[in-house]
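What follows is a short report on a single structure.
The values are calculated or read from the model by the stated rules, or taken from the named source; none is laboratory data. Keep in mind that what you see is a predicted model, and the values were worked out from it rather than measured. Please note: Cβ atoms are built from the backbone with ideal geometry, for glycine as well, and neighbour counts cover all protein chains shown. Quick note on the areas: whole protein, heavy atoms, side chains included, nothing else; ligands and nucleic acids left out. Shrake-Rupley method; radii C 1.70, N 1.55, O 1.52, S 1.80 Å.
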Amino acid sequence: MQVEMTTRRSLELTSLVSMLVAAPLAGQSEMAAYLAHDDLTRELSALVDGSDIATMRSLGRSHEGREIWLVEIGRRSGPALETRPGLLVVGNLEGDHLFGSHLALITIRHLLDDAGSEAVDAMLRDQVVYVIPRLNPDGAEAMFATPLADRTRNARPVDDDNDGRMDEDPAEDLNSDGLITVMRVADPNGAFMVHPDDARLMKRADPGKGESGAYTLYWEGRDTDGDGFLNEDGPGGVDLNRNFQHAYPYWARDAGPHMVSEPETRALMDFMIAHDNVAAILTFGHSDNLVTPPSSSGNLADPAVLDLAAFADASLSEVFSWDAPTSGAGGRWFFFFDRGQPRVRGAQPGRDNDPESGSRPATTVHAGDVEYFKAVSDAYREITGIAKVGLNRKAEGAFFQYGYFQYGVPSFSTQGWGVPESRDAEEGEGETPDTADAPMPEPDTPVRGPGGRRPSGRQGPPRGGKEQGIDATVLAAADSAGLEVFADWTPFTHPDLGEVEIGGFRPYRLTNPPSGMLAEYGGAHAEFVVKLAGMLPRVRIAERDVTAHGGGLFTVSVEIENTGYFPTALEHGVVSRAVEPTVVQIQVDPEAVVSGDDKTTYVQRLAGSGARERVGWLIQGRAGSSVEIVVRSAKGGTDTATVTLR
């Protein structure tokens with residue numbers, strides 16, 4: 001299916017619009033097409049039932065017992081599916097990204113409905129497509145519950161504050177609006193101030209510019225367990241897209257107890273180990289390397305986050321409490337760092353881990369592979385019309401990182417939508433509007449928690465790295481489109497903190513477009529999947545020659561060609577030894593090979609776009625007999641040819 005240029009422009013202009021108007025409350029019309037787990041299961045079954053090119057099976061179960069479905073698509077005639085070049089599509093790794101599972105679902109529908117078209121038919125004959133629409137079914141179900149709170153993680157219970165209890169102090173919907181947003185609390189010792197350009201937003205005060213902090217920020221809720229800390233042990237869980245074995249963030253709260261610790265990630269890894277024919281990976285997730293490809297030095301684009309959410313998270317960055325006894329020395333100290341994790345190195349350079357001994361794991365895309373990522377990015381932007389990412393989370397332990405750095409294949413990630421300039425900005429009127437009218441409490445007294453203790457709220461140091469807050473960009477574009485994405489700050493009398501304000505970005509509205517846009521986005525991404533599958537390596541025996549020398553001696557030679565765009569192994573796949581060489585084998589007894597190449601010859605890397613490699617043998621044989629030559633590529637498929645000795 002071709003996406004008309006007008007549709008592409010429409011997608012680009014409405015990408016932020018569609019993202020922002022999402023209203024994921026159960027039953028609201030904007031989300032009518034989003035499917036809970038049981039509905040998704042029925043939809044997948046209906047698509048696959050009766051199809052002769054698609055099958056569906058479970059890879060395993062989630063923590064709460066939901067099936068993790070895999071759909072395998074390819075024509076059954078021809079080589080076995082597990083020997084063909086394969087494209088793997090994975091959606092909904094983060095629980096709040098249902099959009100990813102629906103892009104995957106629409107891709108399945110497109111491939112089955114258009115199986116007779118030339119492009120799709122060729123793909124289904126030569127390749128196989130594996131689709132896992134929803135890797136995180138437990139996290140996804142939270143979108144259909146109330147109150148709504150952005151949740152990326154699965155359902156594993158976690159003792160975040162190490163007090164021997166699980167999930168006993170969650171965020172709470174104090175103002176009964178059905179949302180979990182942010183509380184801002186007047187505090188002369190706070191690190192934050194109202195943003196001078198937009199009173200809805202907050203910024204970290206910069207003393208160097210004469211600015212003073214006046215607020216502390218928390219996620220909405222109470223100190224449920226009475227330990228002096230707010231919301232420090234909410235619904236546990238592991239962010240599946242931080243649980244894989246590359247750049248794994250050791251001891252980060254949401255990364256899991258160890259790599260591939262979760263039944264969901266283990267199910268995916270078991271599949272990967274059993275299918276070395278997967279030649280490229282596409283994931284729908286919160287990090288991007290597709291709209292913005294790696295730079296010439298191999299680095300990913302800088303992260304782009306919501307400052308308001310990061311500031312609320314900062315109240316958990318260093319949980320610190322001193323519970324003094326009524327008399328004498330002593331007391332209880334609690335130290336938790338990085339949202340509940342100790343500051344330890346793990347497998348990082350240090351005194352016990354000499355950075356000079358051996359090579360460190362690669363963290364940037366190999367210079368020889370960058371061109372492939374850029375070419376795929378160009379194709380993606382052309383097909384979808386998406387030119388600029390919105391939220392872009394720093395990739396740590398992400399599946400697409402494992403796919404490239406450890407598995408060795410082209411591996412891509414995209415949110416599936418983008419953020420253009422706001423319409424006012426495009427017209428030269430790009431000032432951020434200031435529409436917040438709610439009065440704010442005077443920051444005159446320190447905030448105190450139960451028993452007179454100050455609740456956890458040391459806001460920690462400024463966020464490191466090059467993360468960029470996009471709050472103003474999102475709000476400006478939303479305002480220009482007349483869209484409501486922000487819950488205005490409203491006064492609330494907190495039972496422990498006194499007068500506070502509650503407000504902030506509405507959950508899920510920055511990650512899921514309304515259901516009315518799913519068909520357009522889904523169609524564009526299905527077209528891209530067909531394009532990407534057509535770029536996979538594909539080996540064949542292009543030419544064969546036999547020369548008779550007399551006395552039963554013959555020279556047999558073949559030219560092996562890669563007709564796909566990608567090489568049979570990326571440069572990093574060779575360096576990491578993750579991709580096996582292509583095997584070229586002549587089917588004669590070993591003693592029949594007199595000279596030339598070995599009976600079994602290995603081609604480490606065969607470039608794409610028609611690149612060829614000649615392999616030849618001098619053999620002893622009987623005139624008129626037939627000899628078979630076989631080429632096998634882990635990522636490029638197989639081919640055979642038969643020659644007659646004469």
Looking at Pro507, Pro495 in this structure, which one is closer than 18 Å to Asn231 by Cβ, out of contact with any Gly (no Cβ under 7 Å at 6 or more places or on another chain) and open to solvent by 50 Å² or more (accessible area, probe 1.4 Å)?
Pro495
Filter pass, Glu559 being open to solvent by 40 Å² or more (accessible area, probe 1.4 Å), at pLDDT 95 or above and under 30 Å from Gly408 (Cα atoms)
no
Evaluate the range 260-274: report whether one residue or more is in a strand (DSSP E or B) and either modelled with pLDDT under 50 or open to solvent by 10 Å² or more (accessible area, probe 1.4 Å) (or both).
no
Residues Ala247, Ala304: which one is touching a residue at least 12 places away in the same chain (Cβ under 8 Å), on the phi > 0 side of the Ramachandran plot and either of a type outside the set (Val, Ile, Thr) or open to solvent by less than 10 Å² (accessible area, probe 1.4 Å) (or both)?
Ala247
Complete set of residues in the range 193-237 that are buried (at least 23 other Cβ atoms within 10 Å of the Cβ), closer than 17 Å to Asp471 by Cβ and of a type in the set (Phe, Trp, Tyr)
Tyr215
Flagged in the range 283-300 as under 22 Å from Asp150 (Cβ atoms) and among the small types (Gly, Ala, Ser), in numbering order, are Gly285, Ser287
Among Val530, Val574, Val579, Val584, which is the only one that is over 26 Å from the mean Cα position of the chain (by Cα) and among the β-branched types (Val, Ile, Thr)?
Val584
In the range 572-600, which residues are out of contact with any Gly (no Cβ under 8 Å at 6 or more places or on another chain), open to solvent by less than 90 Å² (accessible area, probe 1.4 Å) and more than 26 Å from Ala280 (Cβ to Cβ)?
Ile586, Gln587, Pro590, Val593, Val594, Ser595, Lys599, Thr600
What about Leu111, is it modelled with pLDDT of 95 or more and either open to solvent by 20 Å² or more (accessible area, probe 1.4 Å) or over 20 Å from Lys531 (Cβ atoms) (or both)?
no
Counting only residues that are in a strand (DSSP E or B) and among the polar types (S, T, N, Q), which one in the range 529-576 is nearest to Arg646 (Cα to Cα)?
Thr547
Being crowded, with 16+ Cβ neighbours inside 10 Å, β-branched (Val, Ile, Thr) and either under 22 Å from the mean Cα position of the chain (by Cα) or modelled with pLDDT of 95 or more (or both), is that true of even one residue in the range 548-555?
yes
Looking only at residues in the range 466-509 that are more than 20 Å from Leu35 (Cβ to Cβ), part of a loop (DSSP other than H, G, I, E, B) and modelled with pLDDT under 85, which one is farthest from the chain's Cα centre (by Cα)?
Gly482
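For the range 513-528, indicate whether the set of residues that are at negative phi, acidic (Asp, Glu) and part of a strand (DSSP E or B) is non-empty.
For the range 513-528, residues at negative phi, acidic (Asp, Glu) and part of a strand (DSSP E or B): absent.
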Being more than 30 Å from the chain's Cα centre (by Cα) and over 30 Å from Arg61 (Cβ atoms): is that true of Gly164 here?
no
Take Pro342 and tell me if it is out of contact with any helix residue (DSSP H, G or I) (no Cβ under 9 Å at 6 or more places or on another chain), of a type outside the set (D, E, K, R) and modelled with pLDDT under 85.
yes
Report, ordered by the first and then the second residue, all pairs with beta carbons closer than 8 Å, sequence separation of six or more or different chains, a first member in the range 254-266 that is under 7 Å from Asn243 (Cβ atoms), and a second member that is surrounded by fewer than 24 Cβ atoms within 10 Å (Cβ to Cβ) and among the hydroxyl-bearing types (Ser, Thr, Tyr).
Ala255/Tyr248; Met259/Tyr248
Identify, by number, the condition in (1) at pLDDT 95 or above; (2) closer than 25 Å to Asp150 by Cβ; (3) out of contact with any helix residue (DSSP H, G or I) (no Cβ under 7 Å at 6 or more places or on another chain) that Ala279 doesn't meet.
(2)
Can you find a residue in the range 81-101 that is open to solvent by 10 Å² or more (accessible area, probe 1.4 Å), small (Gly, Ala, Ser) and either free of Cβ contacts under 8 Å to residues at least 12 places away in the same chain or within 16 Å of Ala533 (Cβ to Cβ) (or both)?
no
In the range 85-109, the residues that are under 15 Å from Glu72 (Cα atoms) and in a loop (DSSP other than H, G, I, E, B):
Pro85, Gly91
Counting only strands (runs of 3 or more DSSP E) entirely within the range 119-200, those with at least 1 residues that are within 22 Å of Thr511 (Cα to Cα) and in contact (Cβ under 8 Å) with a residue 40 or more places away in the chain are 128-132, 182-186
